[in-house]
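Quick notes on the structure that follows.
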Amino acid sequence: MSSFTPEPMNNSQIAAVLDQVADLLEFQAANPFRVRAYRNAARLLHDLAEPVTAILADTQRKLSDLPGIGRDLADKIAELVETGELPQLNELLAAVPPSVLTLLRIPGLGPKKAAALHAQLGVSTLDELRAACEAGRVRELKGFGTKTEQAILANMQFATTAQSRMYWADADQIVLALREHFAGCPGIAQLEFAGSYRRGKETVGDLDVLAVSSTPAQVMDCLATFAPVVDVLARGETKMSVRTHHGLQIDLRVVEARSFGAALQYFTGSKDHNVILRGLARQRGLKINEYGVFRVADQSEEYVAGATEQEVYGALDLPAFPPELREARQEFEWARQNSLPQLVEVSDIRGDLHVHTDDTDGRASLEEMVQAAQQRGLSYLAITDHSQRVSMARGLNADRLLAQWARIDRLNEQLRGFSVLKGIECDILERGGMDLPDEILAQADWVNASIHYGQRQSRQQITERILQAVEHPYVTAIAHPTGRLINRREAYDVDLDAVIKAAGEHGKCLELNASPQRLDLDDVQCAAAKARGVMLVLSTDAHGPEGFDDLRYGVLQARRGGLTRSDIVNTHSWPQLKTLLQMMK
DNA sequence: GCCGTTTTCGGCCCGACTGTTTTCAGTCG
């Protein structure tokens, strides 16, 4: 009775398989460059704007045209998509129990040590490893000792409590506090935060701090007294690592002024971006490390640059890439063609098109939200409260919505140089269709359509519901198009590529929701939408006045997606945007 | 496993810190 056909693998799933192969190969002490090839391919596919299946279906193109995918990997990926399986992975899994990979999650335990534990003590789970440590068997192994054994026991908790990465917004709070703390420390000439925090990633795994000082020990002493710090993990001449009570690791590096730019570049990463950069340097007889750019000759090395990032990149005739773009995606290609996008900035945003009030689940009144928007320099605001289906939020039925719109009309009469738009966040019902009648929606200035219920429906159902909304004449935008909540809830199973394509065809906007737990669409999805010419709308989904401050999180995500102001509709004034919407129809 | 205005073989980014070492391997970023 089953007419079930398996869903084609999406790029993320293919990437996950390749990453798993890399993990297992690494465990087997395979050639590290071979491991890297798998990891590079996984990252490439994960970041790819179009589905791999589309390339495979296109006779004009080959997977091996992609940089980093050769014949071998192209064949393997094709087989994986075709059959849903990769024989190589099955062989690896037969040789290595997958549970040993959990050993690698223990900080300080890498593939070599984990393999030794597995081979010599027969350890393949965390519980077995704990028992071996407690029995004193680990310290007996060559290359291990009592300190290693103790460290494994102490760090085991970090492998079991599935450490989730911190929201960027939360990391930002710690950064602010740490900046203030360091301001009271003598001997610091320059200070900057690097790493994924500086690149604006939606989550941050650890914090990298960089300081210029002639007295590194003093700076390290200072970090040790930062109130949240509970543990010093390592401390050397120039480098120190600590852990805070949040479970966040902070890495401090102290350098000389002439190395500050090089160190900032180096520790901002990404790792893959740096690998490419150094390869380019090498081609020119240069070497880049965290101390500077050096010309390599016979036995000597001559310092060429390093005080600023501009100098470092300039030594290779490259622009100082915005940190958000340093992900080894397209940035080097863009630089080569002199076509780096001029990334959108917070000040480009003129209005907010997804906002709630206390008529539903917001915490402030219509008037208070308008005032807050004005104070932040916006010139328009769409009030988009929930529709009736969202009963928990006291969603609006047609009567209450019309009453709210009447209040908006009266409010607008009093306002100068500011427009309040009549909007709604209208639910896409479980059975399909919109939660309010067409004759009501027809009167709105802005209609966000979104899914809150039936999130666990099949891919086909969810996709069909959203496509219907895209095609609906009065819908302006799809809000939080994937429904994911970072670290908390997976995206619903939606064929986003089909949604993007339809949005392009019907002139509808897709939202980039700036709430730090959502950031939905993500950076890669934004880039995919842009590639299809789909307009994005960057909205805060504010539920109170402070919610407007989330805008900068969305802007960071947009920048990571390579978006410029012309890719985002609410960089226009409301009259311009209204005209644009008419033209897109 | 990938890649090629030196190349189809021999490279593939680079350094700090720790622990277990008598000179370095492993891990991390």
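Each value in this text was obtained by applying a stated rule to the coordinates, not by laboratory testing. In this text the structure is predicted, and so the values were computed from the model without any measurement. Backbone-built Cβ (ideal geometry, glycine too); neighbour counts: all protein chains shown.
A few points about this structure:
- For the pair A:Glu546 and A:Glu439, a Förster radius of 30 Å applied to the C-beta separation gives a FRET efficiency near 0.25, rounded to the nearest 0.05.
- Dipole check for the range A:1-141: with +1 at the C-beta of Lys and Arg, -1 at the C-beta of Asp and Glu, and the Cα centre as origin, the magnitude is about 620 Debye.
- Listed residues A:Val229, A:Ala281, A:Val255: farthest to the positive end of the dipole of the range A:163-315 (Cβ charges): A:Ala281
- The range A:367-414-the range A:430-454 distance, computed between alpha-carbon centres (Å): 16
- Summing +1 for each Lys or Arg and -1 for each Asp or Glu among the other residues whose beta-carbon sits under 13 angstrom from that of A:Met220 gives 0.
- Between A:Ala135 and A:Asp72, residue separation times 0.36 nm minus the direct Cα-Cα distance comes to 18.2 nm.
- The magnitude of the dipole of the range A:461-558, with charges of +1 and -1 set on the Cβ of Lys/Arg and Asp/Glu and taken from the Cα centre, is near 80 debye.
- Backbone geometry of the range A:446-456 corresponds, through the Karplus equation with coefficients 6.51, -1.76 and 1.60 at θ = phi - 60°, to 3J(HN,Hα) couplings of 8, 10, 8, 9, 8, 9, 10, 10, x, 6, 9 Hz, x marking Gly and Pro.
- Computed 3J(HN,Hα) for the range A:336-349, one whole-Hz value per residue from the Karplus formula 6.51 cos²θ - 1.76 cosθ + 1.60 where θ = phi - 60°, is 4, 8, 6, 10, 4, x, 7, 5, 4, 10, 3, 5, 6, 7, glycine and proline marked x.
- If the segment from A:Arg488 to A:Ser99 were pulled out straight at 0.36 nm per residue, it would be longer than the present Cα-Cα gap by 137.7 nm.
- Cα-based helix-to-principal-axis angle, A:496-506 vs chain A, degrees rounded to 10: 40
- Residue among A:Asn10, A:Trp168, A:Ile69 farthest towards the positive dipole end of chain A, charges placed on Cβ: A:Ile69
- Taking other residues whose beta carbon is less than 13 angstrom from the beta carbon of A:Arg235, and scoring Lys, Arg as +1 and Asp, Glu as -1, yields -1.
- Sparse-neighbour loop sites [trypsin sites (Lys or Arg not before Pro); the range A:1-79; at most 12 other C-beta within 10 Å; DSSP]: A:Arg61
- Lys/Arg +1, Asp/Glu -1 at C-beta; chain A dipole; positive extreme among A:Leu121, A:Gln375, A:Ile55: A:Leu121
- Packing-based order for A:134-146, A:462-474, A:389-401, using average beta carbon neighbours within 10 Å, highest first: A:462-474, A:389-401, A:134-146
- Distance from the alpha carbon centroid of the range A:458-508 to that of the range A:249-278 works out to 39 angstrom.
- Per-residue ellipticity at 222 nm computed for chain A from its helices equals -12500 deg cm²/dmol, with DSSP H segments shorter than 4 residues left out and the rest contributing -39,500 (n - 2.57).
- Gain on full stretching of the segment that runs from A:Lys147 to A:Glu82 - 0.36 nm per residue minus C-alpha separation: 18.5 nm
- Amide H contacts under 5 Å for A:Val355, placed H, 5+ residues apart: A:Thr384
- As a length-normalised measure over Cα pairs under 8 Å and 6 or more apart, the relative contact order of the range A:1-107 settles at 31 percent.
- Sequence-ordered 3J(HN,Hα) estimates for the range A:116-126 from the Karplus curve with 6.51, -1.76 and 1.60 and θ = phi - 60° stand at 4, 5, 5, 6, 9, 10, x, 7, 9, 9, 4 Hz, glycine and proline given as x.
- Cα long-axis angle, helix A:71-83 against chain A (0 to 90 degrees, to the nearest 10): 50
- Cα shape, the range A:321-436, gyration tensor, a/c 1.5 rule: oblate
- Under a model in which nothing but the beta-carbon of Lys, Arg (+1) and Asp, Glu (-1) is charged, chain A shows a dipole of about 1120 debye around its Cα centre.
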